[in-house]
Structure formats: C-alpha cells, structure tokens
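The values are calculated or read from the model by the stated rules, or taken from the named source; none is laboratory data. Please read all numbers here as calculations on a predicted model, not as lab measurements. Quick reminder, even Gly has a Cβ in these numbers, built from the backbone with ideal geometry, and neighbours come from all protein chains shown.
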Amino acid sequence: MLLSKSQYIRGLQCHKSLWLYKHKRELRSAPDSSAETLFNIGYTVGSYATDLFPGGVEIEFTPNDFDGMSRKTADLIEQGVETIYEATFNENGIFAMVDVLHKSNGKWNIYEVKASTTVKEYHRDDAAIQYYALSQVLDIGKIFLVHINNQYTRQGELDVCALFNMADITDEVLEKQVEIKGTLNSFDAMLQSDMPAIDIGPHCSDPYGCDFHAHCWQDIPDYSVFNLYRMSGTKKFELYYGGIINFEDIPSDIDLTETQHFQVEASINPEIRIDKTIIGEFLDTLEYPISFLDFETFQNAVPRFSDQRPYMQMTFQYSLQVMTDSGELSHEEYLGDENIDPRRELSERMLRHLPPRGSIMAYNQSFEKGRIKELAALFPDLRDELLGLLDRFVDLIAPFRRLGYYHPDFNGSFSIKSVLPALFPDDPELDYSKLEIHDGGMAMDTFANLHLLKDSNQREKIRKDLLAYCQLDTLAMVRIWEKLKTAV
C-alpha cells in the first residue's frame, strides 16, 4: 500500500473517504472554483516561503514520475545540496513532498509551509507522517510549521521574514510517531476489505470538506434538519442519529427557536407568511433618497499593497442604486484598477456619489459598515465623512430575520441568494445564473487574479462581468424592497 501524505490525512478524517478514493475515485465531485483558489493560494505562499531559505534547488513536479522525483532528491542530497524545495521521498509506504528541507548543524530540518494563520492539529498530523517517512533515510533535527503572520502590515517592499511565523512542532510530531504504524496497519486492513459502513457526520467537513460529500449525502433530502436555521451542527447530528431527518419527523417536544418553529411549519404546510406590522415598522425607518449600496472585496494571503495585512478584506468595487421619493432610480458604480490599491479612489468616489442624506440600505449591513470603518481608519482626512455614513445604514435582511416575510423556499436561510429566487422565481432580470460571475466568492477570486492576466481584451471582459454582477446585487435589493412595500 502506497499513501501520499494527503491520503493519510484523508484516512484520519474518514476511513470511508480513503476507501472511496482508492477504489471508487470516479464518485468524487469535481473541484469547484474555491478549491482551485485554495490551491493557488497555497502555491503562492509556498513560493514566497522559499525566500526564507535562498539558494536552494527545487524538485520539479512530474506527476507521472514520482520515482524520478525521489531519485533527484537523493542525488541532490548526495551532492551536498543543503536546501531543497519540494524534496520528494517514497519511504515505508509513504510518498511525501517536503516544502523546504534544510540542513543545519549536520541534521535535516523539515519546514512545512501552510497558508493558514495558525497551527492546526491536522498540520501536526501532516508533519508527523512526513517525519515518519523521512526519518527512515535522514537524520532529522527539527520540524517547523511555517505559516502566515496575520499581524504583519506591509509598508513598502514586502518583508518576507515578517510575513511568516515559524512554529517549532518537533515535540508534538515525535509524540505522534507511536500512533502512525498502527494507523497505517488499520488503513491497510480497511483498504483490503469492503467499503466501511460509516455514516455521515461532523467528520464530513472537519477538517476538510470531502469531495465524496455528494455521494455520501445523496439520500438526505433538500429540506431536512440540516437546514434548520442557526442550529449547531452537533444538535443537527443528534437529531439525525435519532432517526429525525425530515421536518415532519421532528417531535413536538424538541426545543426549537421561534425561527426554527416557523421554518418547520412553513415547510410542512407550505405557504408564504407575512407579518405586515413587522414589515411596516421596517419601512417606516427609511428616509429618502434611499441608497442601495453593495461592496465587493478581495483578499491576498501575501499583501500586494502598503497598509494591507494578509487576508485583509480589500474593498475594490461598489454598486449604488439611489431611489428618490418620486420613484426615480439612478445607478453609480466603481471598479478599481487591478494594478493599484483601489481603496483611496473608491472612498472618494463613494463619498461623491452618495447623497448627503437619506437611508443607506445594505443586505447584512455589518459587512459594508465594517469596510467603511476600515477605510476611515486608513484615511484620517476622510474619517469624519466616512464614519458619518454609519448611522444612516438600514439592513434589508432585518424584516426577514424578524419573520416579517417568510417563504418556504428560503429553507432556513435569509441570505439574498436564498431570498431573491424565492420572491422572484421566474424573473430573468434577477437571475444570477445568467451571469459569468454569479457569486461573491467568484468576484473576489476573479479580481484578486486579474492583474496576472496578459490579455487586455480578456481583462476588459472580466471587468464588465464584475460590474454586471455587483449591479445585480443592488438591483436585487431594490426589487426586494419594492416587494416588501407591496406586502403592506
């Protein structure tokens, strides 16, 4: 049995997942854009981490020749090379690639690079299986986990040493060695047997989302206890393991919140529930002109600009729809230049575009208000104007969370992506699926990588797609607000 370190971690998470990966790999779901983004982030972070150990030699990744990669690593060690990037080993049934292998004082230190900002338990498991393989052929000194320092703020040139924290996890890794042989033996026996009879559980997404999720969860209906609003995962699985899956199965003595009761009742007896008092109270708080505002942000693990921290939400775009008391709707928008820090220009343009009075409507306002506070802290000369916007905010999600308007198709979610299609199921004007960019994650990732595109025509097309997506977000808010007005 040959296992990669990622397969070892998969097996620790779930025997069934490892069995399926080895025997029924075709049942995996295809990687989505978020998986590709995580891979790219990891690659970028790993590339910068090599600057901590300059002068090394990299083992080129050749997916069809792992033995060749291992031989190349052995040759470099034999030649006296003391720093190797992606050092590759196939020892004791484990195939492992070490991000940085560095010789110091006659011993080899392992440096495992992660794009996370903290050391997690599965990182220690990852490093432990590497040590298990490498210690068969090398004298290992220490094992370090190199991870992002989220307290670092870039000023001018990137300081790679300040970008990373380095945690010595040698003791924890050594403690785990006593378990590994037994774990590998259990994997070997399991893989030679029938598929393990393992039910779904919290392990399906902890520590990683599983690419066999769709297969293992195929019998769970779209409307189930797993959709109950703001119920903990632990409580949901307690219900499931007790044989309670459908809403109809929930006994009357189960302790549910008001919203959860509402959700269950609306699903069992499908009808739209409207509380005109709650909606009316919300509408009465609004002052014209009403400004419907939506931000888009991107994040970089490695900061590109001054005054940027790793994974900081960088506001690069907004859409603004302004409704007057006479019913006139106008639209303004901003999309930053992908090659420069957009925050200053965005702040100035937004302050010019926003009316000096009236309500500012956002959907889940804490996000927009949080970005405005960050911009105010960054630009002292704009601070008072920016902070002055905060008291004008009104949250469009509020009447839905208060159960002023509930549609069974919300299915326990009040996000705009759940509310909009339930309220306007057949409106092509409000159909995100018709857009090239159809969710915030795609917008974030697309803009974050836009500066890397060489093709100017492709860049321009993507910019138009970004504008179309953000404009639909604010138009959706306008239409939802209009829907609420007709309900009272």
Give Thr37, Thr44, Thr50 a once-over and let me know the one that is modelled with pLDDT under 95 and not basic (Lys, Arg). Thr37
Qualifying position, being in contact (Cβ under 8 Å) with a residue 12 or more places away in the chain, assigned to a helix (DSSP H, G or I) and β-branched (Val, Ile, Thr), among Val419, Val394: Val419
Among Phe247, Phe295, Phe316, which is the only one that is surrounded by 14 or more Cβ atoms within 10 Å (Cβ to Cβ) and not assigned by TED's automatic domain parsing to the domain that holds Val478? Phe247
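Rundown of residues vs (1) charged (D, E, K, R); (2) in contact (Cβ under 8 Å) with a residue 60 or more places away in the chain; (3) within 19 Å of Cys216 (Cβ to Cβ), yes/no style:
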site	(1), (2), (3)
Lys5	yes, yes, no
Gly11	no, yes, yes
Lys16	yes, yes, yes
Trp19	no, yes, yes
Lys22	yes, yes, yes
Arg25	yes, no, yes
Ser29	no, yes, yes
Ser33	no, yes, no
Residue under question is Thr277, and the condition is that it be outside any loop (DSSP other than H, G, I, E, B), over 29 Å from Ile198 (Cβ atoms) and at pLDDT 95 or above; does it hold? yes
Please return the ranges of helices (runs of 4 or more DSSP H) entirely within the range 1-102 where 1 or more residues are surrounded by fewer than 18 Cβ atoms within 10 Å (Cβ to Cβ), of a type outside the set (Phe, Trp, Tyr) and more than 23 Å from the chain's Cα centre (by Cα). 15-23, 66-79
Does the range 244-263 contain at least one residue that is closer than 30 Å to Arg28 by Cα, out of contact with any Lys or Arg (no Cβ under 8 Å at 6 or more places or on another chain), at pLDDT 95 or above and part of a helix (DSSP H, G or I)? no
Given the options Glu328, Glu348, Glu338, Glu333, name the one that is closer than 10 Å to Leu293 by Cα and modelled with pLDDT of 95 or more. Glu333
Would you check which residues across the range 123-161 are part of a helix (DSSP H, G or I) and surrounded by fewer than 17 Cβ atoms within 10 Å (Cβ to Cβ) and list them? Val160, Cys161
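Can you give me the number of residues within the range 436-469 that are part of a helix (DSSP H, G or I), out of contact with any helix residue (DSSP H, G or I) (no Cβ under 7 Å at 6 or more places or on another chain) and of a type outside the set (Asp, Glu)?
13
Just the residues that are within 26 Å of Asn185 (Cβ to Cβ) and either among the hydroxyl-bearing types (Ser, Thr, Tyr) or not in a helix (DSSP H, G or I) (or both), please, taken from the range 103-122.
Those that are within 26 Å of Asn185 (Cβ to Cβ) and either among the hydroxyl-bearing types (Ser, Thr, Tyr) or not in a helix (DSSP H, G or I) (or both): Ile110, Glu112, Lys120, Tyr122.
Would you confirm, using the coordinates I've provided, whether Tyr223 is surrounded by 13 or more Cβ atoms within 10 Å (Cβ to Cβ), within 21 Å of Tyr405 (Cβ to Cβ) and either in the same structural domain as Ser326 (by TED's automatic domain parsing) or not charged (D, E, K, R) (or both)? Talk me through it step by step, then tell me what you get.
Values: surrounded by 13 or more Cβ atoms within 10 Å (Cβ to Cβ): yes; within 21 Å of Tyr405 (Cβ to Cβ): yes; either in the same structural domain as Ser326 (by TED's automatic domain parsing) or not charged (D, E, K, R) (or both): yes.
The answer is yes for Tyr223.
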Given (1) touching an Asp or Glu at 6+ places or on another chain (Cβ under 9 Å); (2) touching a residue at least 12 places away in the same chain (Cβ under 8 Å), number of the condition Gly243 does not satisfy: (2)
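I'd like the full set of residues that are assigned to a helix (DSSP H, G or I) and over 21 Å from Ser319 (Cβ atoms), limited to the range 368-387. Working first, answer last.
Just the residues of the range 368-387 that are assigned to a helix (DSSP H, G or I), to begin with: 368-378, 380-387.
Once the filter is applied, which keeps residues that are assigned to a helix (DSSP H, G or I) and over 21 Å from Ser319 (Cβ atoms), the range 368-387 yields Ala377, Leu378, Pro380, Asp381, Arg383, Asp384, Leu387.
Results for (1) in contact with an Asp or Glu (Cβ under 8 Å, 6 or more places away or on another chain); (2) of a type in the set (D, E, K, R); (3) not assigned by TED's automatic domain parsing to the domain that holds Gln299, shown as yes or no for each residue.
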{"position": "Ala443", "(1), (2), (3)": "yes, no, no"}
{"position": "Phe447", "(1), (2), (3)": "yes, no, no"}
{"position": "Asp455", "(1), (2), (3)": "no, yes, no"}
{"position": "Asp465", "(1), (2), (3)": "yes, yes, no"}
{"position": "Leu472", "(1), (2), (3)": "no, no, no"}
{"position": "Ala476", "(1), (2), (3)": "no, no, no"}
{"position": "Ile480", "(1), (2), (3)": "no, no, no"}
I'm trying to understand the selection: among the residues of the range 357-375, which are in contact with a Lys or Arg (Cβ under 9 Å, 6 or more places away or on another chain) and among the hydrophobic types (A, V, I, L, M, F, W, C)? Ile360, Ala362, Leu375
Given (1) outside any helix (DSSP H, G or I); (2) farther than 29 Å from Ala30 by Cβ, Pro196 misses just (2)
Would you point out the residue of the range 334-385, among those that are in contact with a Phe, Trp or Tyr (Cβ under 7 Å, 6 or more places away or on another chain) and acidic (Asp, Glu), that is surrounded by the fewest Cβ atoms within 10 Å (Cβ to Cβ)? Asp341
